[in-house]
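Notes to accompany the following structure.
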Amino acid sequence: MSKFTQFNSIKPLIKENLWETTDELIFYENNDLSGEKYIVPEGFKTDWCSVRCPLWQWATPKTIWACVLHDYLWSIGEWFLKSNCLFFKALKSTWNSTYQSLKFYLGVTSPIWYLIYQDKVKALKKD
């Protein structure tokens, strides 16, 4: 299981329709703090995986952190496989339910989103 060791705060950027981290978000690939460590920097802008409103019925407040991690990995060029695998691990670490995590994961990581949101990811990388 994976683990977040530090949750950051986020603030809305109303004019840009995005959210910005106000502190670092730290995620370890393994629960025992071994494996890779991922740090989402302060000031990172996110749209929470471009999640559509119907998916939020399955979300919890901690789902936000998994979405922020996913968007960050996309913005640094860790495309489909790595970002999606870590997204699922992050969801499991916040929900501890494979079924709930899988529902949200499949809604976010459908291959069609890769095609639709390529331009959005490029815009996030520029900032």
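The values are calculated or read from the model by the stated rules, or taken from the named source; none is laboratory data. Please read these numbers as outputs of a predicted model, since none were measured by experiment. Ideal geometry is used to build each Cβ from the backbone, glycine not excepted, and the neighbour counts take in all protein chains shown. Heavy atoms of the whole protein, side chains included, go into the accessibility calculation; ligands, DNA and RNA do not. Shrake-Rupley method; radii C 1.70, N 1.55, O 1.52, S 1.80 Å.
Ranking Ile14, Ile76, Ile26, Ile39 by solvent-accessible area of protein heavy atoms (1.4 Å probe, all protein chains present), from largest to smallest, gives Ile14, Ile76, Ile39, Ile26.
Taking 23 Å as the limit for the C-alpha separation, the pairs Lys11/Lys82; Lys11/Lys62; Lys62/Lys103; Lys37/Lys89 exceed it in the case of Lys11/Lys82. All other residues with a Cβ under 14 Å from the Cβ of Thr98 taken together, and with Lys, Arg as +1 and Asp, Glu as -1, what is their net charge? Net charge around Thr98: +3.
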